[in-house]
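Everything on this sheet refers to the single structure shown next.
The values are calculated or read from the model by the stated rules, or taken from the named source; none is laboratory data. Note that this is a predicted model, so its numbers are computed, not measured. No Cβ is skipped: glycine too gets one built from the backbone with ideal geometry, and neighbour counts run over all protein chains shown. These area figures cover heavy atoms from the full protein model, side chains too; ligands, DNA and RNA do not enter into them. Shrake-Rupley method; radii C 1.70, N 1.55, O 1.52, S 1.80 Å.
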Amino acid sequence: MSVEPDPGVLEGLDAWEGLSAEQQPSWPDATRLRQVREKLATLPPLVFAGEADALRAKLAAAGRGEAFLLQGGDCAEIFAEATADRIRHKIMTVLQMAVVLTYGASLPVIKMGRMAGQYAKPRSADTETRDGVTLPAFRGDIVNGYAFTPADRTPDPERLLEAYHTSASTLNLIRAFTTGGFASLLRVHEWNRGFTANPAYSRYEEIAAEIDRAIRFMAACGADFDALRAVDFYASHEGLLLDYERPLTRIDSRTGLPYDCSGHFLWIGERTRKLDGAHIDYFSRVQNPLGVKLGPTTTGDEALALMDRLNPNGEPGRLTFITRMGAGLIRDRLPALVEKVTADGRPITWVCDPMHGNGIVSSSGYKTRRFADVIDEVAGFFEVHRALGTVPGGLHIELTGDDVTEVLGGTEEIDEEGLSRRYETRVDPRLNHQQSLELAFQVVELLRRS
Ligand code: PEP
Ligand code: CO
C-alpha cells in the first residue's frame with residue numbers, strides 16, 4: 001500500500017525558490033535548465049529511502065559511541081575520472097582504512113564515500129581573472145568546465161544530467177565491488193599486509209600483525225567469513241546545487257515523506273548554512289540523515305538554531321555536526337560548542353573534518369595541507385571529546401586512492417618541491433593512498449595513547 005504525500009509537504013519542497021540561495025551558478029539558459037530539471041525528475045532514484053533510514057540508525061549508533069563513521073573521497077569528483085580503476089582505488093582505500101579503524105576502535109565502522117555526486121563546489125569568488133581575462137569561477141563538473149575558456153566556464157545545465165549518469169555508473173560499481181566478495185575482510189586485510197610490508201611503513205607492522213592474529217583467532221572460533229564478504233557502503237555529497245537535489249527528491253511510498261535520492265547522506269557546507277537561507281529550508285524538509293559543517297567561528301547559539309531547524313525533535317542520527325576548526329583552533333573552539341549542544345540534550349553525531357581548516361599555500365604556489373596538521377586536528381578532536389565525556393563519532397577525509405602529491409608530509413615526506421610531481425586536484429588537496437592508510441594507523445596509535 002502506498003501512502004500519498006500531504007499537499008503541504010509537496011508545496012514546501014519548493015519554498016527554497018523564494019529564499020536566497022548562496023553559491024548557485026547563473027545559468028544562462030533558463031528554458032533548458034527547466035527542461036533538464038523535468039528530465040531529472042523522471043529518472044530513477046540513485047539511492048533508496050530504506051537505505052537512508054538504515055544509515056540514519058547507524059549514525060545514531062555513532063553518536064552514542066557504538067559505531068564510528070569513516071567518510072572519505074575527493075574534494076571534487078570529475079566526470080573524466082569516474083573510471084573503473086580510480087573508483088576501485090578509492091573504495092579500496094576507504095575499506096583498508098576501515099579495517100584498521102574497526103580494530104583500533106573495536107567498533108563497527110560506517111563506510112561512506114564523498115562519491116557518486118560530489119560534483120558541485122562552493123567558491124570564494126564568482127569569477128576568476130587570468131592575464132586580464134575574467135570568466136566565471138569553476139564550480140565543479142556539474143556546473144561548468146575547468147578549462148579557462150568562455151565556452152567551458154559558462155554554466156551548462158546538460159552537466160546536471162551528466163552528473164546524474166556518472167553518479168549512477170559510480171554507484172553501480174560501488175555496489176558491485178562491495179557486495180561481490182571484493183570487499184571481504186580477508187582480502188582487505190591482505191592489502192593492508194602489502195602496505196605494511198613496505199619497510200618505509202614498518203612502524204605500523206605491529207598493528208597489522210595484531211589484526212592478523214585477531215583474524216586468525218576469529219577463524220579458529222569458526223567466524224563466518226562468508227558473512228563478511230559484503231559491506232554496506234554509503235554515498236554522500238555536499239547538498240549544494242538545489243537545481244540537482246530538488247528534482248532527485250522522491251516521495252517514499254511507505255510513508256508519504258520526501259527523501260533526496262541523489263545520495264544517502266547530504267551535508268550543508270560552511271558557506272551555505274545560513275539559518276534563513278534556501279539550503280537549510282530545503283534540507284529541513286527531506287528525511288535523509290544530514291550533516292552541517294561547522295567552522296571555528298560557529299557559536300553555540302548557532303549550533304542550537306541549526307538543531308531547531310534541522311532536527312527539532314531530536315531524532316537520533318538525523319543530524320551530524322562536522323567540525324572543521326583547524327589544528328590550531330580545535331582545542332580552543334570545540335569545547336564550548338560541544339558543551340552547549342550537550343546541555344541541550346538533543347543527540348548530535350560529532351565528526352571531525354581535519355582537512356578544511358588546515359589549508360595553506362606552498363611557496364611554490366600550490367594549495368596544500370600538512371599531514372601533521374591533519375593528524376593534530378584529529379588528536380585535538382579526540383582530546384576535547386574525551387575531556388568532556390562526549391563521543392567522537394567519526395572522520396571526514398578528502399582522499400584519493402592514487403599516488404598523487406597534494407598534501408605535504410607523511411612517511412614519504414612529500415615536500416614543497418615534491419608537490420609538483422603529481423598534483424591533480426582541481427580544488428582542495430587530497431591525501432594519497434599511502435597517506436590515507438597512515439592516517440588510519442596513526443588514529444589507532446592515538447586511541448592507544450589515551
Ligand atoms: C568541502 O567539504 O569540500 C567543503 C567545501 O567544505 P567546507 O564547507 O567545510 O568549507
Ligand atoms: Co574540499
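For the reader, a short list of remarks on this structure follows.
- In this structure, Ala220 and Arg37 have a Cβ-Cβ separation that, at R0 = 60 Å, corresponds to a calculated FRET efficiency of about 0.60.
- Counting only residues at least eight positions apart within a chain, or on another chain, the aspartates and glutamates with an alpha carbon under 12 Å from that of Lys121 are Glu22, Asp74, Glu77, Asp141, Glu238, Glu270, Asp428.
- Averaged per residue, the chain has 39 square angstrom of accessible surface, using a 1.4 angstrom probe with ligands and nucleic acids left out.
- Mean Kyte hydropathy of 0.0 or more with a Cα span along the axis of at least 20 Å, helices from DSSP in the chain: 84-105, 205-220, 371-388
- GluC sites (Glu not before Pro) restricted to DSSP loop in segment 336-442 with at most 11 other C-beta within 10 Å: Glu413, Glu417
- Label separation (Leu446 vs Ala147): 4.2 nm, computed from points 7 Å beyond Cα along the C-beta direction.
- With the simple spin-label model, which puts each label point 7 Å out from Cα in the Cβ direction, the Ile360 to Ser106 separation comes to 3.7 nm.
- Remark: the Lys367-Ala168 segment gains 68.6 nm on full extension, using 0.36 nm per residue and subtracting the alpha carbon distance.
- Between the C-alpha center of segment 353-405 and that of segment 256-281 there is a gap of 24 Å.
- In this structure, Leu10 and Arg130 have a Cβ-Cβ separation that, at R0 = 41 Å, corresponds to a calculated FRET efficiency of about 0.35.
- Residues of segment 278-309 with an amide N closer than 11 Å to a point placed 7 Å from the Cα of Ser20 along the Cα-to-Cβ direction: 278.
- Residues Asp402 and Arg213, FRET efficiency given R0 of 45 Å [Cβ-Cβ distance, rounded to 0.05]: 0.90
- Of all DSSP beta bridges in the chain, antiparallel share, percent nearest 5: 25 percent
- Farthest toward positive dipole pole in the chain [+1 Lys/Arg, -1 Asp/Glu at C-beta], among Pro335, Ile360, Gly132: Pro335
- Carbon plus sulfur fraction of accessible area for the chain, probe 1.4 Å, in percent: 51 percent
- Model label zone, Ala30; criterion: amide N under 11 Å from point 7 Å along Cα-to-beta-carbon; scope segment 133-173: none
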